[in-house]
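Contents: one structure, followed by commentary.
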Amino acid sequence: RLIERKQMSTKTTFKRVALVAVASLGFGVLTSVAPATAAGQTAESISIGAATSFKTGVFNIIPVTVAFPAGFTASTDTITITAQISSAPSTGGLANAASVLGAGSTAAANAAGARFHLTTSAIGTINTNLEDATSNDDAVASGYTIVGQRASAGLDDVAGDVVATAIMTTAPATGTTKTVYIAVKPDLAGSYTILVASNATGRTYYSAGDPTATATFATTSTVASVTLTALNTAPVGTGSNDGVLIKAVLKDAAGNVTGLGSNETLKFTGSDTTNNSFQYFNGATGTDMTGATATSSMFINGTGFFRVKNGGSADAVNTITVTGSGLLPNSVVSTVSATFKALGDEGLTAANTLTGSISSTITSGYAGTFPAVYRSTTATSTSVKYSFAAATAAAGAVGFTIADVSQKILGSSTPAALTWRQAVTYAAAATSVSLTVAHSALSTSASSNFTIVTDAASDTVLGQAANNTVTVTGYTAGTTGTNTFTVSPAGPIANAALGKVTVTATLKDQFKTAIANGAVTATVTGRNTVASTPLVSDASGQVTFSYTDAGTSTANDTITFASSVGTTTSKTVTVTYGNAAVSTVAVTSSNTTLGVAKATVTPLAISAGDGVEAGAQNVTATVKDANGNLLSGVAVTWTISGTTGAAVTSTTATTYTTDAGVATASIYAWLAGTYTVTATAGGKTGTGTTTWSSQTADNARVLSATVEGNVVTAKVVDR
């Protein structure tokens with residue numbers, strides 16, 4: 001529970017700002033020295049944020065935001081802020097004593113910030129330049145934190161009226177506010193009130209007339225539940241960055257975020273013996289947990305980040321269980337699924353030629369040999385596509401390493417900028433794979449970014465010839481030049497009357513880099529009228545727009561593509577219509593090429609179990625007129641005949657030819673045999689055949705046996 005009261009400041013002629021916090025047990029001060037030209041300022045306003053958790057026995061982190069007054073000098077002027085615990089539980093300690101943060105304060109109880117300190121760290125890390133107050137007149141020093149007790153006229157290392165801490169912070173380079181953090185470790189259950197004030201002189205304690213804000217926090221109770229979230233799909237393996245990241249949030253019975261108490265622990269277990277490594281994060285690097293057991297120090301404000309690895313060699317979905325241990329009841333239980341993927345092996349040659357959709361030869365405007373990806377500062381996801389040199393022989397996965405440099409992906413609740421491995425799956429015959437990363441908005445600062453690193457190829461890992469790093473950074477619309485469209489077909493497009501028109505547009509920036517997740521609109525005017533249609537570009541920067549001709553005039557159509565991403569030049573393409581008659585329809589299937597039977601029949605695999613469509617295969621029809629010209633936008637209907645064990649998917653029973661004159665359908669079978677596929681367009685037909693067989697032991701449905709003498713013969717059929 002948080003109750004906050006604020007008082008606005010009057011402007012002073014001083015130009016120096018410092019932050020001082022006072023608590024009933026100890027006083028801590030963090031400072032940074034301003035240049036000789038710096039001036040002290042008094043905060044225009046002070047805002048105390050909510051405590052995500054407020055548990056006894058552990059540090060809880062509370063944000064404090066101060067607003068600089070008008071006219072301050074960015075990056076130079078300073079503010080001093082003071083904070084103190086003005087009330088704390090008066091009973092409940094040993095021999096029913098008062099809280100050591102309040103009236104129960106004892107000499108040097110806050111030495112080294114053991115109970116109360118100010119910091120610039122969002123996770124409460126104590127400033128490395130830490131000093132204990134030794135006399136009342138100790139002042140805030142540049143770059144230091146002071147901790148101690150509040151005496152009558154300042155801070156001291158002996159018992160005083162209240163505990164306090166102070167910090168001096170420099171004005172921001174941009175914006176008008178700065179945020180610092182109070183780290184407080186309550187000793188008794190109950191409510192604590194914190195008073196935060198500001199002055200311009202570097203004074204380390206509150207004095208009447210200072211602008212103030214106060215907030216009251218009630219302690220939370222024992223952990224009653226744990227919420228686990230798996231944050232990635234990981235490659236199998238035990239490398240330094242391998243493993244599934246797991247976020248754990250602790251809550252009490254009332255639903256408040258809380259922390260582990262003294263001797264309360266959580267035991268991690270996996271459903272498979274390959275889950276042989278459990279780690280926690282108190283920094284950027286994972287540390288092995290002793291006995292796979294989490295303690296209170298592994299959580300910050302009730303949230304902890306952990307990692308489990310799978311030392312096997314095959315795809316796996318493991319159940320990770322967390323159970324209360326120590327003094328925490330074992331009735332506190334939670335589970336989460338951790339997914340691991342074996343990386344694909346397409347052979348060294350194919351692996352070496354894997355390239356990014358953003359060509360590594362485009363270096364203009366970028367540092368290094370592989371380009372950065374500039375994203376709009378309003379974007380909340382980024383996609384990168386990698387194309388294979390040849391279609392993959394089998395399903396598999398590609399590995400990437402992601403570094404959350406500025407904590408824009410996992411957020412500021414992480415103890416540091418974390419790095420992890422991500423596995424992205426692909427199907428058999430895939431020609432590319434895309435990785436999409438959700439993140440908060442990136443600023444234009446060079447440090448506001450994250451990186452994606454491709455695997456280096458080996459004879460067992462699909463990757464590039466060498467590790468390549470893509471740096472994703474924010475940009476403000478218009479700062480990186482003009483974006484452009486390319487369309488395919490480029491036009492003018494000759495389309496069959498009353499046929500379907502399909503056009504693909506690709507959005508790229510000035511560096512010819514595809515812009516993913518970009519807002520695009522398509523509009524049609526002329527013979528047909530189609531209102532502005534909203535589209536979103538994919539990982540390749542592409543959108544596909546289709547409509548069916550319904551016009552009767554002799555006019556042409558104009559399709560216009562536009563985008564609101566930065567400064568973008570719109571693109572138009574013209575569509576003309578004709579009534580050219582279909583002359584030939586040539587079908588290409590597994591047994592047929594353009595209507596001509598292949599010399600060798602290659603059976604396709606049926607899918608006989610649930611989900612028979614899983615084995616679907618494509619067939620195509622090429623449509624031409626009497627002069628051999630390819631016809632686009634022509635409707636093609638598909639049927640299949642033979643036994644009753646095959647079908648055309650409902651979504652492709654009627655398809656339209658592309659600008660290449662090709663229409664595509666998808667067929668599948670659940671009974672072995674040879675089937676005839678028929679494509680009909682403009683009154684003309686074409687046929688092809690496909691042969692299917694049962695190739696998977698899982699298809700077995702019926703087992704029968706015959707006996708002749710002492711010989712037993714078993715017969716297995718799929719249906």
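The values are calculated or read from the model by the stated rules, or taken from the named source; none is laboratory data. Fair warning: this is a prediction, and the values are worked out from it, not measured in the lab. Please note: Cβ atoms are built from the backbone with ideal geometry, for glycine as well, and neighbour counts cover all protein chains shown.
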So, first residue touching a residue at least 40 places away in the same chain (Cβ under 8 Å) in segment 160-181, second residue exposed (fewer than 14 other Cβ atoms within 10 Å of the Cβ) and in a loop (DSSP other than H, G, I, E, B), Cβ within less than 6 Å, six or more apart or across chains; the pairs are A171/A74; A173/A74; A173/S75
Among the residues of segment 555-592, the number that are within 30 Å of Q617 (Cβ to Cβ), of a type outside the set (A, V, I, L, M) and not in a loop (DSSP other than H, G, I, E, B) is 3
Pairing a residue in segment 273-285 that is in the same structural domain as T319 (by TED's automatic domain parsing) and of a type outside the set (S, T, N, Q) with any residue that is part of a loop (DSSP other than H, G, I, E, B) and surrounded by fewer than 19 Cβ atoms within 10 Å (Cβ to Cβ), where Cβ atoms lie under 8 Å and the two sit 6 or more apart in sequence or on different chains, gives F281/A416; G283/A416; A284/A416; A284/A417
* To do: Inspect segment 199-215 for any residue being part of a loop (DSSP other than H, G, I, E, B), buried (at least 16 other Cβ atoms within 10 Å of the Cβ), charged (D, E, K, R) and touching an Asp or Glu at 6+ places or on another chain (Cβ under 9 Å) and give the result as yes or no.
  => yes
Checked against (1) modelled with pLDDT under 90; (2) under 18 Å from A679 (Cα atoms), G645 satisfies every condition except (2)
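Only one of V336, V332 is in contact with a Gly (Cβ under 7 Å, 6 or more places away or on another chain) and not assigned by TED's automatic domain parsing to the domain that holds D455; which? So that I can check it myself, show each step before the final result.
Working: V336 fails: in contact with a Gly (Cβ under 7 Å, 6 or more places away or on another chain).
It is V332.
Which of the residues belonging to segment 429-446 are surrounded by fewer than 21 Cβ atoms within 10 Å (Cβ to Cβ) and assigned to a loop (DSSP other than H, G, I, E, B)?
Of everything in segment 429-446, those that are surrounded by fewer than 21 Cβ atoms within 10 Å (Cβ to Cβ) and assigned to a loop (DSSP other than H, G, I, E, B) turn out to be A429, A430, T431, S440, A441, S443, T444, S445, A446.
For segment 652-671, does any single residue satisfy the condition of being assigned to a loop (DSSP other than H, G, I, E, B), surrounded by fewer than 17 Cβ atoms within 10 Å (Cβ to Cβ) and of a type outside the set (A, V, I, L, M, F, W, C)? Can you show your working first?
Of segment 652-671, the ones assigned to a loop (DSSP other than H, G, I, E, B) are 653, 657-661, 670-671.
With the extra rule that they be surrounded by fewer than 17 Cβ atoms within 10 Å (Cβ to Cβ), the set shrinks to 653, 660.
After this cut, where a residue has to be of a type outside the set (A, V, I, L, M, F, W, C) as well, the list is none.
Within segment 652-671 (the criterion being assigned to a loop (DSSP other than H, G, I, E, B), surrounded by fewer than 17 Cβ atoms within 10 Å (Cβ to Cβ) and of a type outside the set (A, V, I, L, M, F, W, C)), the answer is no, since none of the residues qualifies.
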When you scan segment 413-428, do you find a residue that is under 30 Å from Y656 (Cβ atoms), assigned to a strand (DSSP E or B) and either at pLDDT below 85 or not assigned by TED's automatic domain parsing to the domain that holds V384 (or both), even just one?
no
Per the filter on segment 670-697, residues farther than 11 Å from I606 by Cβ and modelled with pLDDT under 80 are A697
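Hey, any hits in segment 130-150 for a residue that's more than 42 Å from the chain's Cα centre (by Cα), outside any loop (DSSP other than H, G, I, E, B) and crowded, with 17+ Cβ neighbours inside 10 Å? It would help to see each step written out before you state the result.
Taking segment 130-150 first, the residues more than 42 Å from the chain's Cα centre (by Cα) are 133-139, 149-150.
Checking the rest, the ones that are also outside any loop (DSSP other than H, G, I, E, B) come to 137, 149-150.
Those still in the list that are crowded, with 17+ Cβ neighbours inside 10 Å too: 149-150.
Yes.
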The number of residues in segment 619-651 that are surrounded by 21 or more Cβ atoms within 10 Å (Cβ to Cβ), assigned to a strand (DSSP E or B) and not β-branched (V, I, T) is 4
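Can you tell me which residue in segment 322-344 is farthest from the chain's Cα centre (by Cα), limited to those that are hydroxyl-bearing (S, T, Y) and buried (at least 16 other Cβ atoms within 10 Å of the Cβ)?
From segment 322-344, those hydroxyl-bearing (S, T, Y) are 323, 325, 331, 334-335, 337, 339; that's our starting set.
Applying the additional criterion that residues be buried (at least 16 other Cβ atoms within 10 Å of the Cβ) yields 323, 325, 334, 339.
Values: T323: 28, S325: 32, S334: 23, T339: 16 Å.
Only one residue tops the list, namely S325.
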Output for Cβ contacts, cut-off 7 Å, separation at least six or different chains, first residue among the aromatic types (F, W, Y) in segment 636-648, second surrounded by fewer than 17 Cβ atoms within 10 Å (Cβ to Cβ), reads W638/A653
Next on the checklist: Any residue that is closer than 19 Å to D659 by Cβ and touching a Phe, Trp or Tyr at 6+ places or on another chain (Cβ under 8 Å) - is there at least one of those in segment 582-591?
Outcome noted: no
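Looking for something in a loop (DSSP other than H, G, I, E, B) and either free of Cβ contacts under 8 Å to residues at least 40 places away in the same chain or touching a His at 6+ places or on another chain (Cβ under 9 Å) (or both) - is there at least one such residue anywhere in segment 292-311?
Taking segment 292-311 and keeping what is in a loop (DSSP other than H, G, I, E, B), we get 295, 299, 301-302, 311.
From the residues that got through so far, the ones that are either free of Cβ contacts under 8 Å to residues at least 40 places away in the same chain or touching a His at 6+ places or on another chain (Cβ under 9 Å) (or both) too are 295.
The answer is yes; a qualifying residue exists.
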Residues of segment 105-134 being touching a strand residue (DSSP E or B) at 6+ places or on another chain (Cβ under 8 Å) and polar (S, T, N, Q), in sequence order, are S105, N110, T119, T120, S121, T125, N127, N129, T134
Counted residues in segment 504-535 being among the hydroxyl-bearing types (S, T, Y) and touching a residue at least 40 places away in the same chain (Cβ under 8 Å) come to 3
Considering residues that are surrounded by fewer than 19 Cβ atoms within 10 Å (Cβ to Cβ) and not hydroxyl-bearing (S, T, Y), the number found within segment 233-254 is 5
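Residue by residue, here is whether (1) within 15 Å of T82 (Cβ to Cβ); (2) small (G, A, S) holds:
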| site | (1), (2) |
| --- | --- |
| V147 | yes, no |
| A153 | yes, yes |
| I167 | yes, no |
| P172 | no, no |
| G175 | no, yes |
| G190 | no, yes |
